[in-house]
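Notes follow the structure.
The values are calculated or read from the model by the stated rules, or taken from the named source; none is laboratory data. No experiment lies behind these values; they were computed from the predicted model shown. In this analysis, Cβ positions are derived from the backbone assuming ideal geometry, glycine residues included, and neighbour counts consider all displayed protein chains.
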Amino acid sequence: MDGNGRWATKRHLPRIAGHKQGVESLKRLVRASVQRGVSVVTVFAFSSENWSRPADEVSGLMDILVFALGREVSQLHQEGVQLRFIGSREALSEKVRSGLHGAEVLTATNTRIVLNVCFNYGGRWDVAQAAARLAALQEPITEASLTRVLSLAHCPDPDLIIRTGGEKRLSNFLLWQAAYAELYFSEALWPDFDEVALDEALQEYAHRQRRFGKTPDQVSPSHQSADGADH
Ligand code: FPP
C-alpha cells in the first residue's frame, strides 16, 4: 500500500493524513475484492523496517491501527471478513496486541474473504521464524515443512501481487510466497488506487500466461493455432 506519504504531501497535509486515507482505500478495495470473487487479500501495512521512520509517524501508524480496529472491525465482521494479522507481535504494545487478538477471535469463523494484514512483518523474518520453529521441533527443513510453518500457511500462495506508488520492487514482502506470483506495478498512490485501478490490474492478470516452469505448449497446447493466432 505504497504512496500514502506522497499523497498527503501533495496536498500539504501531514504524512499521517495519507495513512488515514490509506485505511479508507483499504476498506474500499476489500469490498471490491469480495464483489469480484477474490478469496484472499494480503496487505503490507507496516514492515519490520518501518520502525526506522520518525517516531511520530511510527506511533501515528500504531494509533491508526488501534483506531481503525475499534471503528471498523464489527462492520468487517458483518460483511464476512476474516481478519488475520501477520508479523511479529513482540515489539508491539499491549494495547495493539490485544486489539489484533480481539479482531482475530471475533472474525475467525468468517469465510467470505480472508484479509491478511501484514504488520511488523518482513519476508525474511517469516522464513527465519519458520526455520527456527522447525529447528526447535527438531524437524527436517524442507520446502514442504517450511511452507507448513510460515505465517501465511492458512492461505494459498498469491496469484497476483500489486504494488502501488510507482516503485518496482518487493521490499521484503511475501518473499517465499511470491515465487510464481504475477507482479503488477501501478503508478497510482495507494489512497488513489480505486475499483477502476483494481479492475485494470485484474484485467492484465487475466491475460498473463502462468507456466509454473513449464513450456507454453504444456500449459495451453491450443494457445496457437495453425494460423499463428492466439486462442
Ligand atoms: C507506505 O506508504 C505505507 C505504509 C508504510 C503504511 C500503510 C498503512 C496504511 C494504509 C494504514 C494502516 C493500515 C492498517 C490496516 C491499520 P509510504 O508512507 O511509504 O508512502 P510514500 O512512499 O509516499 O512516502
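Details
- Cβ-Cβ under 8 Å pairs, at least 6 apart or on other chains, region 52-76 side free of Cβ contacts under 8 Å to residues at least 60 places away in the same chain, far side more than 8 Å from the ligand (Cβ to nearest atom) and of a type in the set (Asp, Glu): none
- Some residue of region 185-192 being out of contact with any helix residue (DSSP H, G or I) (no Cβ under 6 Å at 6 or more places or on another chain) and in contact (Cβ under 8 Å) with a residue 60 or more places away in the chain: yes
- From the options Ala136, Ala178, Ala153, residue that is small (Gly, Ala, Ser), surrounded by fewer than 17 Cβ atoms within 10 Å (Cβ to Cβ) and in contact with a strand residue (DSSP E or B) (Cβ under 8 Å, 6 or more places away or on another chain): Ala178
- Test: residue in region 96-106 that is β-branched (Val, Ile, Thr), touching a residue at least 60 places away in the same chain (Cβ under 8 Å) and closer than 25 Å to Ser52 by Cα: no
- Among the residues of region 55-93, the ones that are within 14 Å of the ligand (Cβ to nearest atom), surrounded by fewer than 19 Cβ atoms within 10 Å (Cβ to Cβ) and either basic (Lys, Arg) or within 16 Å of the chain's Cα centre (by Cα) (or both) come to 1 in all.
- Given (1) at pLDDT below 95; (2) acidic (Asp, Glu); (3) not in a helix (DSSP H, G or I), index of the condition Glu49 fails: (3)
- Annotation: of all residues in region 96-111 being of a type outside the set (Gly, Ala, Ser) and loosely packed, with under 12 Cβ neighbours inside 10 Å, the one that is nearest to the chain's Cα centre (by Cα) is Thr111.
- The residue of region 212-231 that is farthest from Ala179 (Cα to Cα), among those that are at pLDDT below 50 and of a type in the set (A, V, I, L, M, F, W, C), is Ala226.
- In region 1-20, the residues that are near the ligand (Cβ under 7 Å from one of its atoms) and among the basic types (Lys, Arg): Arg6, Arg15
- Within region 150-171, at least one residue is within 23 Å of Val30 (Cβ to Cβ), charged (D, E, K, R) and within 16 Å of the ligand (Cβ to nearest atom).
- Residue in region 178-225 that is nearest to His19 (Cα to Cα), counting only those that are within 16 Å of the ligand (Cβ to nearest atom) and of a type in the set (D, E, K, R): Asp192
- When residues of region 113-131 are limited to those that are within 15 Å of the ligand (Cβ to nearest atom) and aromatic (Phe, Trp, Tyr), the one surrounded by the most Cβ atoms within 10 Å (Cβ to Cβ): Tyr121
- Residues considered: Val34, Val23. Of these, the only one that is within 11 Å of the ligand (Cβ to nearest atom), surrounded by 15 or more Cβ atoms within 10 Å (Cβ to Cβ) and at pLDDT 95 or above is Val23.
- Boolean, Val127 is in contact with a Phe, Trp or Tyr (Cβ under 6 Å, 6 or more places away or on another chain), farther than 14 Å from Phe46 by Cα, among the hydrophobic types (A, V, I, L, M, F, W, C) and at pLDDT 95 or above: yes
- Filter result for the condition that a residue is touching a Gly at 6+ places or on another chain (Cβ under 9 Å), within 14 Å of the ligand (Cβ to nearest atom), of a type outside the set (Phe, Trp, Tyr) and within 22 Å of Leu174 (Cα to Cα), over Ser52, Ser47: Ser47
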